[in-house]
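**Q** Below you'll find the structure I mean.
The values are calculated or read from the model by the stated rules, or taken from the named source; none is laboratory data. For clarity, every value in this text was computed on a predicted model and none was experimentally measured. We place every Cβ from the backbone using ideal geometry, glycine too, and count neighbours over all the protein chains shown. Accessible surface areas use protein heavy atoms only, side chains included; no ligands, DNA or RNA. Shrake-Rupley method; radii C 1.70, N 1.55, O 1.52, S 1.80 Å.
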Amino acid sequence: MSIWKEESFEDKIYDEVESFFNIHELKEEDETLALDIIDILRDKNILVVEKDDNNYGYLIPLLYASKGKENFKGFLISTATISLQNKLKEEIDKLSKLIDVDIPVTIAKGHVNYVCMKRLEKYLRSHQENKTLNEISRKIEEEMIDKEDYPNISNEIWTNININGESCKKCLYKDECKYYLNRKSWPSAKYVLCTHELLVASLKRKDNPMFKDPSILIVDEASILKEKVSNSYEGYITKNMLKSIINEISYIIGDKELGEEIVNIIETFYDKLGTLIKSKYMSGDNNYKIYSKEVINTLKEDILLLFNSLSNFRKELGFYQKSDDLTYLKKLLKKYTNILYDMIGKGSKHIYYFHFQPNSKNSISIKYGRKDICSLTASLFANNKYGKVFTDSNIVDNDDYKAFIESLGLDKIDDMEIVKEYSLDKSKVKK
Ligand code: SF4
């Protein structure tokens with residue numbers, strides 16, 4: 001049964017929103033958007049709409065929906081930047097007072113935006129004289145762990161003390177770590193402002209999402225969403241990554257010799273790749289991104305040799321006693337072996353390119369991304385239990401709408417109708 005019928009406030013919320021716009025003399029376009037948002041909440045469809053910097057058009061109906069309507073499951077608003085999240089939070093606080101509703105908003109940002117106390121402690125041990133670090137230590141005691149609390153911090157210090165790769169599960173600070181505790185609250189939060197990266201990460205974790213299903217999802221500045229989805233499926237393989245997996249496995253099983261031959265094959269392969277790229281595709285000392293099927297074809301036999309060697313190495317590990325670390329490394333090896341097979345096999349799922357950075361430790365990376373981003377994106381948004389609104393300031397005419405909808409594969413979603421597509425300037429939309 002629809003939550004709107006159960007609560008029988010269908011008419012009430014339209015009236016509430018209309019009267020708010022009348023009293024406060026807000027823009028007509030925003031009122032039209034606000035009423036369409038209520039339709040989307042009720043019918044759980046998709047709305048694609050041009051929107052300027054003003055967010056009142058969708059915030060006002062969301063706040064009224066939150067007011068005393070127990071079956072409203074909340075909203076999830078995804079934005080392109082952290083500053084947009086902050087702006088929305090300010091607007092929600094301001095409107096909440098006018099509407100007289102209490103909205104405890106959760107701001108979800110990527111972990112790299114917070115201080116990790118474990119890393120800070122480690123870094124402090126070797127940098128005790130650093131005044132900035134001492135100031136950070138003082139502020140941490142006041143629970144200030146957000147990067148925004150340290151506007152003048154250098155990139156060098158920040159990248160040594162932010163959350164990045166430490167295991168929280170075994171951390172001594174986890175009962176007091178503000179980030180860890182906040183992160184644990186995300187799956188039950190009712191009103192969430194997240195970044196596009198976190199939205200995509202959550203939607204990809206179908207069985208264990210970071211955020212619960214809301215009553216409505218708003219994706220603001222949605223034209224960059226496809227890029228975020230694409231980035232989330234990208235990966236890379238470097239020489240050092242492969243070598244360190246082999247070396248770690250050899251150490252765990254206590255058989256150094258088993259890994260030696262394969263490490264030589266990895267070295268030879270990457271040397272050949274480097275020589276080929278330098279001789280045929282480069283003209284200077286710059287960073288290069290080379291999309292070339294020709295590179296793969298030229299090195300097909302070498303890729304096959306590397307693939308076979310890694311596969312055989314993996315098979316031989318079956319004779320050794322299992323441990324969590326070994327299982328994890330075998331899994332990782334399988335992933336990279338499959339990528340090598342996909343590179344030279346027919347009907348590859350990926351696009352490949354070779355990234356050459358002359359002055360870095362891993363000078364050549366094999367990078368890969370998915371070809372079927374459109375259908376992958378559509379599958380992320382195919383959940384028909386809640387309405388979805390995609391807004392962007394660049395969608396100003398019918399061609400923009402068509403391109404936008406097709407780029408995200410929204411037209412491929414069954415059971416969800418794209419009910420309205422319009423520009424704030426109606427004259428631009430052909431009937
Ligand atoms: S719980 Fe995680 S984020 Fe927090 S201090 Fe420990 S390792 Fe760092």
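**Q** How many residues does segment 323-355 contain that are within 15 Å of Asn308 (Cβ to Cβ) and of a type in the set (Val, Ile, Thr)?
**A** 3
**Q** From the list Leu203, Leu193, exactly one residue is away from the ligand (no atom under 16 Å from the Cβ), in a helix (DSSP H, G or I) and either surrounded by 14 or more Cβ atoms within 10 Å (Cβ to Cβ) or of a type in the set (A, V, I, L, M) (or both). Which is it?
**A** Sole residue among the options that is away from the ligand (no atom under 16 Å from the Cβ), in a helix (DSSP H, G or I) and either surrounded by 14 or more Cβ atoms within 10 Å (Cβ to Cβ) or of a type in the set (A, V, I, L, M) (or both): Leu203.
**Q** Given the condition in the same structural domain as His350 (by TED's automatic domain parsing), polar (S, T, N, Q), free of Cβ contacts under 8 Å to residues at least 40 places away in the same chain and open to solvent by less than 30 Å² (accessible area, probe 1.4 Å), answer yes or no: does some residue in segment 250-267 qualify?
**A** Of segment 250-267, the ones in the same structural domain as His350 (by TED's automatic domain parsing) are 250-267.
Pick out the ones that are also polar (S, T, N, Q) and you get 250, 264.
From the residues that got through so far, the ones that are free of Cβ contacts under 8 Å to residues at least 40 places away in the same chain too are 250, 264.
Within this subset, residues satisfying the condition of being open to solvent by less than 30 Å² (accessible area, probe 1.4 Å) are 250.
For segment 250-267, residues in the same structural domain as His350 (by TED's automatic domain parsing), polar (S, T, N, Q), free of Cβ contacts under 8 Å to residues at least 40 places away in the same chain and open to solvent by less than 30 Å² (accessible area, probe 1.4 Å): present.
**Q** Limited to segment 167-187, what total is found for residues that are closer than 23 Å to Pro209 by Cβ, more than 8 Å from the ligand (Cβ to nearest atom) and either among the small types (Gly, Ala, Ser) or in a loop (DSSP other than H, G, I, E, B) (or both)?
**A** Of the residues in segment 167-187, 2 are closer than 23 Å to Pro209 by Cβ, more than 8 Å from the ligand (Cβ to nearest atom) and either among the small types (Gly, Ala, Ser) or in a loop (DSSP other than H, G, I, E, B) (or both).
**Q** Of all residues in segment 138-152, how many are part of a helix (DSSP H, G or I) and either exposed (fewer than 11 other Cβ atoms within 10 Å of the Cβ) or within 13 Å of the ligand (Cβ to nearest atom) (or both)?
**A** So the answer is 3.
**Q** Name, by its number, the condition in (1) open to solvent by 30 Å² or more (accessible area, probe 1.4 Å); (2) of a type in the set (Ser, Thr, Tyr); (3) at pLDDT below 90 that does not hold for Ser188.
**A** With respect to (1) open to solvent by 30 Å² or more (accessible area, probe 1.4 Å); (2) of a type in the set (Ser, Thr, Tyr); (3) at pLDDT below 90, Ser188 is out only on (3).
**Q** Looking at Asn155, Asn164, which one is polar (S, T, N, Q), exposed (fewer than 14 other Cβ atoms within 10 Å of the Cβ) and more than 10 Å from the ligand (Cβ to nearest atom)?
**A** Asn155
**Q** Follow-up question, since we're still on this one. Among the residues of segment 126-136, how many are surrounded by fewer than 16 Cβ atoms within 10 Å (Cβ to Cβ) and within 15 Å of the ligand (Cβ to nearest atom)?
**A** Here is the first cut: in segment 126-136, the residues surrounded by fewer than 16 Cβ atoms within 10 Å (Cβ to Cβ) are 126-132, 134-135.
The next check asks that each one be within 15 Å of the ligand (Cβ to nearest atom); those that pass are none.
So the count comes out to 0.
**Q** Still on this model: Within the set of pairs 6 or more residues apart or between chains, which connect a residue that is closer than 23 Å to Lys170 by Cα and touching a residue at least 60 places away in the same chain (Cβ under 8 Å) inside segment 116-138 to a residue that is within 9 Å of the ligand (Cβ to nearest atom) and open to solvent by 50 Å² or more (accessible area, probe 1.4 Å) with Cβ atoms less than 6 Å apart?
**A** Close Cβ pairs satisfying both conditions: Cys116/Glu166; Met117/Tyr173.
**Q** From the residues in segment 76-118 that are open to solvent by 40 Å² or more (accessible area, probe 1.4 Å) and within 16 Å of the ligand (Cβ to nearest atom), which one is farthest from Glu197 (Cα to Cα)?
**A** Lys118
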